[in-house]
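Encoded as structure tokens, the structure appears first; notes follow it.
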Amino acid sequence: MGDLVRERRNRLGLSQRAAARSCGIPQSMLSRIESGETQPSVATLQRILDGLGAELHLELRSTAAGEPRREKERSRWLNRVVVGELMLDPDRVIAIARGNIERWRDVHAGRPPIQEALDRWSEILDDGVEAIVESLTGSSEEAEDLRQNSPFAGVLSPEQRERALASFRAHGDDGRSSVPAAAEAPRLLP
């Protein structure tokens with residue numbers, strides 16, 4: 001949720017302080033929400049959305065047996081779009097990832113497994129574009145584990161993300177029929 005709120009605030013060109021004032025919440029609370037340090041209550045989330053001119057749409061997810069595999073495929077599908085952005089502008093995408101890693105190091109200072117994943121991502125970024133592509137789209141156990149702490153949040157615009165998810169719903173699983181739109185995660189709409 002924090003990534004979505006931050007993306008919306010950035011799209012509006014607002015500083016955290018200005019957005020917090022608009023939302024009627026302390027800037028420190030908005031910072032903790034955006035960093036993932038805390039999850040807002042529904043009431044707080046509604047205040048934030050009102051202040052940022054957005055709506056929240058919640059949709060139910062199926063817990064069918066194939067859901068974990070489908071979630072992994074959905075993640076790989078989205079990461080392929082990130083790879084497209086990486087190919088077009090490697091400097092921008094890598095800079096976003098490095099910035100996220102640095103921010104998350106402080107946020108997750110007391111969580112060794114996340115720190116280890118961030119260290120590994122730093123190594124992969126240093127190894128270059130091909131190593132990044134393999135980690136974002138590969139089917140190895142390490143790639144799947146690393147994607148749980150992917151530093152590429154913010155690379156895709158909300159519109160790109162929504163188009164990619166619509167494409168996955170229509171063509172995921174090699175074009176077989178897919179879960180209807182109601183199976184998607186919460187998202188912010190302008």
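Exactly one residue out of 36, 51 is free of Cβ contacts under 8 Å to residues at least 40 places away in the same chain and outside the structural domain of residue 160 (by TED's automatic domain parsing), and it is 51. Annotation: of all residues in the range 141-160 being closer than 16 Å to residue 1 by Cα and of a type in the set (A, V, I, L, M, F, W, C), the one that is nearest to the chain's Cα centre (by Cα) is 153. Looking across the range 131-190 at every residue that is modelled with pLDDT of 90 or more and of a type in the set (A, V, I, L, M), the one that is surrounded by the most Cβ atoms within 10 Å (Cβ to Cβ) is identified as 155.
For residue 44, the conditions (1) assigned to a helix (DSSP H, G or I); (2) surrounded by fewer than 15 Cβ atoms within 10 Å (Cβ to Cβ) are fulfilled apart from (2). Whenever a residue of the range 138-154 is closer than 23 Å to residue 103 by Cβ, its partners that are in a helix (DSSP H, G or I) and among the aromatic types (Phe, Trp, Tyr), lying with C-beta atoms within less than 9 angstrom and at least six residues away or across chains, give the pairs 146/121; 149/104; 149/121; 150/121; 151/104; 151/121.
The values are calculated or read from the model by the stated rules, or taken from the named source; none is laboratory data. No experiment lies behind these values; they were computed from the predicted model shown. Positions of Cβ are backbone-derived with ideal geometry, glycine not excepted, and every protein chain shown enters the neighbour counts.
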